[in-house]
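The values are calculated or read from the model by the stated rules, or taken from the named source; none is laboratory data. Please read all numbers here as calculations on a predicted model, not as lab measurements. Note: ideal-geometry Cβ built from the backbone for every residue, glycine included; neighbour counts use all protein chains shown. The accessibility values were calculated without ligands, DNA or RNA, using every heavy atom of the protein model including side chains. Shrake-Rupley method; radii C 1.70, N 1.55, O 1.52, S 1.80 Å.
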Amino acid sequence: LAILDEQCMLPKSTDQKFTRYLYSKFDRNKRFSASSSQRVDHKFSIDHYAGDVEYNTEQWLEKNKDELPAKSAALLKSSS
C-alpha cells in the first residue's frame, strides 16, 4: 500500500495515526469495514473473495520499514 509507505516516511507517524487515516480514507469503500469495537483496538476488516478478514495494525509501520543494515548500505554506496 502506498499509504503505508507514505506513513513510514513521516517522522511522527504511529500505527494508531495510520489506522485512523485508513478509516478516513476507506470508510466509504464497500469492501472495507471497521466496527466501533474494532476501531477501539485499531483494527479493520476487508471483504476478500473468501469472506471478511480482520487486520490489526499493531507494529505495521515498524514491520514495513525494511531498512538495510548499515554495513549493507555502506557497501552499496561504495560500489560503482
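Computed with a 1.4 Å probe on the full set of protein chains, the accessible area for SER33 sits at about 50 Å². Between TYR23 and GLN59, the modelled label-to-label distance comes to 2.3 nm, taking each label 7 Å out from Cα in the direction of the beta carbon. How high is the relative contact order of the range 16-79? Use alpha-carbon pairs under 8 Å, at least six apart in sequence, and give a whole percent. Averaging sequence separation for qualifying contacts and normalising by length gives 21 percent for the range 16-79. Per-residue ellipticity at 222 nm, computed for the chain from helices alone with -39500 (n - 2.57) per DSSP H run of at least four residues, works out to -13000 deg cm²/dmol. A Förster radius of 41 Å combined with the Cβ-Cβ distance from ALA73 to ASP52 puts the calculated FRET efficiency at roughly 0.55. Which residues does a label at ASP5 reach in the range 30-62, if reach means a backbone N under 19 Å from a point 7 Å past the Cα toward the Cβ? Flagged as within label range: 60-62. Compute the Cα gyration tensor for the range 2-42, then decide on rounded, prolate or oblate, letting a ≥ b ≥ c be the square roots of its eigenvalues: rounded whenever a/c is under 1.5, prolate when a/b is larger than b/c in the other cases, and oblate in all that remain. Oblate, because a/c is 1.5 or more while a/b does not exceed b/c. One entry in (1) 26; (2) 51; (3) 38 is percent of Cα pairs over 22 Å apart calculated from the shown coordinates; its label is (3).
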